[in-house]
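Structure record follows, encoded as structure tokens.
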Amino acid sequence: MLGFLATIGWPVLDRFRLGGSFAISPHGLGIAVGFMTGGWLLGRIGVRRGVSAEHISVMLFWALIGAIVGSRIAYVIAHLSEFGSPLEWLYVWKGGISLLGGIAGAIVINIPRMRRYGYRFFQVMDPAAVALSMGIGIGRIGDLIIGDHLGKPTSWFLAWTYHGGNLAPPFTCVKGLCQASLQGGHLEEIQRTGTTLFDAGGKVLATGVGVHQTALYDMLLAWVLFAILWRLYEKPRREGVIALTFGLYYGCCRLLEDSLRIDKRFGPFTGSQWTALTVATISAAILMWWAVQSRRRPHDGEGIDSGPNGEPEEAIGAT
């Protein structure tokens, strides 16, 4: 019955090949389309918060640079022992990138520009959070095409089953058998008939009809997040609520998703989980503090909050 329910699966495709010598990675294409689509949406809704279209274009350009650098730096820090020399840190084809590191890089590199243009941090980050959630939902499609971010064996109804093709690294596939050497000496084997996880001594640790496809979970959860943030954005509310909701929600998502993968850990968590836990905790603390403060102070009308000096301050929202 479990095998019958685990029907999610498809042949993976590592490259879109055009002609004999030109090929495009679906992974990179997915990231590019997600970034461009998110940037388009930010340009449409950012102006509602008083951010000029010209400034949005400039910040998107720098966000791209910051995301590329930040995503690689975060991955290298989390997997430093896997590199033989500092020069290998620049070998982007060796190892991978970190989505959370890319988000952090895009934000950090634009903070000076926000201040230079005279924008408040959350004035920019609220619409950016809405756009980012949609960008993640679209960008993950590329991960699904190449069979990336595969987790532990499972037989639950969303288990992803292998239907052929070359899985993304660290897997290597030969005649329908895909193997990957994972952290802690674990070996995972994936084939059409099922998945097996071995420890360093060759002992079977887990089996399943497929694996947890964490990129699929992330994509579905990102679209739910986009729907939530879009609803929040439609009505006036305190500046920062949308961005902090993103931090809390997506941080919790990554805590869950990474628990289903075998990756390098620092104590009980992976590097991404520690980052996600920090962001989620800070976001939750600020949201709870604001909620307590809102109950303590009087309101003169709907959508009106007191400013830092006790003066009325109008909430900014979509128009």
So Gly9, is it more than 26 Å from Arg265 (Cα to Cα), of a type outside the set (A, V, I, L, M) and crowded, with 19+ Cβ neighbours inside 10 Å: no
Test result for Leu225, open to solvent by less than 60 Å² (accessible area, probe 1.4 Å) and either within 30 Å of Leu41 (Cα to Cα) or of a type in the set (A, V, I, L, M) (or both): yes
Residues of segment 179-200 satisfying the condition of being of a type outside the set (D, E, K, R), free of Cβ contacts under 8 Å to residues at least 40 places away in the same chain and more than 23 Å from His79 (Cα to Cα): Gln191, Thr193
Flag for Trp93 being part of a helix (DSSP H, G or I), open to solvent by 90 Å² or more (accessible area, probe 1.4 Å) and either modelled with pLDDT under 90 or among the aromatic types (Phe, Trp, Tyr) (or both): no
Flag if Gln183 is under 17 Å from Arg261 (Cα atoms), at pLDDT below 95 and either surrounded by fewer than 18 Cβ atoms within 10 Å (Cβ to Cβ) or in contact with a Leu (Cβ under 7 Å, 6 or more places away or on another chain) (or both): yes
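Here is a check on your reading of the model: is Glu257 touching a residue at least 24 places away in the same chain (Cβ under 8 Å), outside any helix (DSSP H, G or I) and crowded, with 17+ Cβ neighbours inside 10 Å?
On the way: touching a residue at least 24 places away in the same chain (Cβ under 8 Å): yes; outside any helix (DSSP H, G or I): no; crowded, with 17+ Cβ neighbours inside 10 Å: yes.
For Glu257, the condition - touching a residue at least 24 places away in the same chain (Cβ under 8 Å), outside any helix (DSSP H, G or I) and crowded, with 17+ Cβ neighbours inside 10 Å - is not met.
Let me confirm something: among Thr161, Thr214, Thr195, Thr207, which residue is open to solvent by less than 20 Å² (accessible area, probe 1.4 Å), out of contact with any Asp or Glu (no Cβ under 9 Å at 6 or more places or on another chain) and farther than 30 Å from Gly46 by Cα?
Working: Thr214 fails: out of contact with any Asp or Glu (no Cβ under 9 Å at 6 or more places or on another chain); Thr195 fails: out of contact with any Asp or Glu (no Cβ under 9 Å at 6 or more places or on another chain); Thr207 fails: open to solvent by less than 20 Å² (accessible area, probe 1.4 Å).
The unique qualifying residue is Thr161.
The values are calculated or read from the model by the stated rules, or taken from the named source; none is laboratory data. Nothing here was measured: the structure is a model prediction, and the numbers come from that model. All Cβ positions, glycine included, derive from the backbone under ideal geometry; neighbour counts span all protein chains shown. Protein only, heavy atoms only, side chains kept; ligands, DNA and RNA dropped before computing areas. Shrake-Rupley method; radii C 1.70, N 1.55, O 1.52, S 1.80 Å.
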